[in-house]
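Everything on this sheet refers to the single structure shown next.
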Amino acid sequence: MGDDGLGAAVLERLAAWRWGSEVVMADGETWGLKLLPLVEEANRLLVIDAIDVGAKPGTLVTLDGAELPRLFERAVSPHQVGLSDVLELARLRGMLPLSLAAIGVQPEQAEFGHPLSAVVASAVDSVATAALRQLAAWGYAGREREGS
């Protein structure tokens with residue numbers, strides 16, 4: 001779905017790092033409510049995705065806490081609809097992670113069968129760097145794999 005592939009592209013970059021067992025990386029794709037156990041088991045949740053905030057395409061977007069469930073009610077992709085439901089259900093069950101954050105970029109397009117737009121593709125490294133900073137701020141310091 002075009003720029004909605006941002007999360008997968010960033011996860012590929014983050015795979016170049018070694019993480020302790022406390023960091024689990026998953027591509028939520030279109031999992032919907034199947035994400036609930038992963039969310040409820042997390043102490044902290046970092047979502048990496050195209051995030052439509054009406055900004056200029058390629059603009060870096062960072063959000064935290066209460067901004068997330070409200071934001072993901074505006075779906076860019078099929079799985080974001082499920083993500084707002086998952087976060088709300090986890091909250092109602094008293095199982096919402098202690099810390100929530102989202103990092104991404106304003107998409108230019110989200111059409112089936114298209115690759116990342118050039119403007120979003122050029123932001124992949126910036127999003128990965130922002131994700132590494134957020135993880136480090138939470139106390140999760142990865143080590144870059146040799147040869148990466």
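Every number here is computed from the coordinates shown, using simple stated rules; none is lab data. Since the structure is predicted, the reported quantities are computational estimates derived from the model, not experimental observations. With ideal geometry, Cβ positions are generated from the backbone for all residues, glycine too; neighbour counts draw on all protein chains shown.
Between MET95 and ASP27, 0.36 nm times their residue separation minus their Cα-Cα distance comes to what? Walk me through the intermediate numbers first.
On the way: separation 68, 0.36 × 68 = 24.48 nm, distance 2.07 nm.
Result for the pair: 22.4 nm of gain on full extension.
Counting Lys and Arg as +1 and Asp and Glu as -1, each charge on the Cβ, what is the dipole of the chain about the Cα centre in debye, to the nearest 20? Mind dumping the intermediate values first?
Values: 12 positive and 20 negative charges, 79 e Å.
Computed charge dipole of the chain: roughly 380 debye.
Please say if the chain is rounded, prolate or oblate, where rounded means a/c under 1.5 for a ≥ b ≥ c the square roots of the C-alpha gyration tensor eigenvalues, and otherwise the choice is prolate for a/b larger than b/c and oblate otherwise? It would help to have the intermediate numbers written out before the result.
On the way: a/c = 1.63, a/b = 1.05, b/c = 1.56.
Here the chain falls in the oblate category.
What FRET efficiency do you get for GLN109 and ARG133 if R0 is 35 Å and r is their Cβ-Cβ distance, rounded to the nearest 0.05? Walk me through the numbers on the way to the answer.
On the way: r = 27 Å, r/R0 = 0.78.
The computed FRET efficiency comes out at 0.80.
Measure off 7 Å from each Cα along the Cα-to-Cβ vector at TYR140 and LYS34, then give the distance between these two points in nanometres to one decimal.
2.1
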